[in-house]
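Visitor: The structure follows.
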Amino acid sequence: MRTTRRQSRRAVTPAQDAGFAALELAILMPVLIAMLLLVVGLGRVSHGRQLINQAGAAGARAAALTTTPGQAVRQAQQAAADTLAQSGVSCGRLGVDVDTAAFRPGGYVQVSVRCTSDLSGLAVAGLPGSVTLTATSRSPLETLRELEPVRS
């Protein structure tokens, strides 16, 4: 039986490893920055969705407290816009649609909010330049409530 002896590798000394840490850092840093921007972007989108839902609910509540469909539309649009303005959401395009087809005692009012939010500052992370967030909320009208008659 023949035994062969392997030559052991020499240990790498710190002098021979000089510069590799900087090279590794230079390679990994763009990946880490992109991952960080992606997390920030997803957090912004998630927070924006919560605020859009909140604005839709505020609009539906405000519309349900009015006595005419016309007032309901105005109050819902104002409440949704105020909620978003107070929360600091900057919408490039804000749309508030109010459905008053069931505006009668025991009915409901439905509010849909659309907000196009700008994400262009996070484009490095692969996110689109903008994202449209939508939310729909419905608020019931009281059954024993007196509403003003609709004038034709």
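The values are calculated or read from the model by the stated rules, or taken from the named source; none is laboratory data. Every value quoted in this text rests on a predicted model; they were computed, and no experiment measured them. For neighbour counting, all protein chains shown are included, and Cβ atoms are generated from backbone atoms with ideal geometry for every residue, glycine included.
Visitor: Please state which one of R49, R61 is within 24 Å of E148 (Cβ to Cβ), within 29 Å of the chain's Cα centre (by Cα), surrounded by fewer than 17 Cβ atoms within 10 Å (Cβ to Cβ) and at pLDDT 80 or above. Even if it seems obvious, please write down each step before you answer.
Guide: Details: R49 fails: within 24 Å of E148 (Cβ to Cβ).
Matching residue, one of R49, R61: R61.
Visitor: Same structure again: Of everything in the range 110-129, what is assigned to a loop (DSSP other than H, G, I, E, B), modelled with pLDDT of 70 or more and surrounded by 13 or more Cβ atoms within 10 Å (Cβ to Cβ)? Give them in sequence order.
Guide: Correct list: L119 only.
Visitor: Could you check, for the range 95-109, whether at least one of its residues is within 30 Å of L38 (Cβ to Cβ) and touching a Cys at 6+ places or on another chain (Cβ under 6 Å)?
Guide: No, that holds for no residue.
Visitor: Of all residues in the range 62-73, count the ones that are in contact with a Leu (Cβ under 8 Å, 6 or more places away or on another chain) and part of a helix (DSSP H, G or I). Quick ask: steps written out before the conclusion?
Guide: Narrowing the range 62-73 to residues in contact with a Leu (Cβ under 8 Å, 6 or more places away or on another chain): 64, 67-68.
Then keep just the ones that are part of a helix (DSSP H, G or I); that gives 64.
Of the residues in the range 62-73, 1 are in contact with a Leu (Cβ under 8 Å, 6 or more places away or on another chain) and part of a helix (DSSP H, G or I).
Visitor: Check the range 144-151 and report whether any residue there is modelled with pLDDT under 95, closer than 30 Å to L32 by Cβ and of a type in the set (A, V, I, L, M).
Guide: No.
Visitor: Quick one: is V89 among the β-branched types (V, I, T), under 13 Å from S139 (Cα atoms) and touching a strand residue (DSSP E or B) at 6+ places or on another chain (Cβ under 7 Å)?
Guide: no
Visitor: Another question, then. Return yes when A26 is exposed (fewer than 10 other Cβ atoms within 10 Å of the Cβ), part of a helix (DSSP H, G or I) and modelled with pLDDT under 90 and no when it is not. Give the steps one after another, and end with the answer.
Guide: Details: exposed (fewer than 10 other Cβ atoms within 10 Å of the Cβ): yes; part of a helix (DSSP H, G or I): yes; modelled with pLDDT under 90: yes.
For A26, the condition - exposed (fewer than 10 other Cβ atoms within 10 Å of the Cβ), part of a helix (DSSP H, G or I) and modelled with pLDDT under 90 - is met.
Visitor: What's the number of the condition Q54 fails, among (1) surrounded by fewer than 17 Cβ atoms within 10 Å (Cβ to Cβ); (2) modelled with pLDDT of 90 or more; (3) not aromatic (F, W, Y)?
Guide: Going through (1) surrounded by fewer than 17 Cβ atoms within 10 Å (Cβ to Cβ); (2) modelled with pLDDT of 90 or more; (3) not aromatic (F, W, Y) one by one, Q54 breaks only (1).
Visitor: Among residues belonging to the range 74-109 that are in a helix (DSSP H, G or I) and among the aliphatic types (A, V, I, L, M), point out the one that is surrounded by the fewest Cβ atoms within 10 Å (Cβ to Cβ). Reasoning before the result, please.
Guide: Taking the range 74-109 first, the residues in a helix (DSSP H, G or I) are 74-87.
Restricting the remaining residues to those that are among the aliphatic types (A, V, I, L, M) gives 76, 79-81, 84-85.
Working: A76: 32, A79: 22, A80: 30, A81: 17, L84: 23, A85: 13.
Of everything passing the filter in the range 74-109, A85 is surrounded by the fewest Cβ atoms within 10 Å (Cβ to Cβ).
Visitor: Just give me the residues in the range 42-99 being of a type outside the set (A, V, I, L, M), within 18 Å of S130 (Cα to Cα) and without any contact (Cβ under 8 Å) to a residue 60 or more places away in the chain, in sequence order.
Guide: The answer is G43, S46, H47, Q50, G88, S90, C91, G92, R93, G95.
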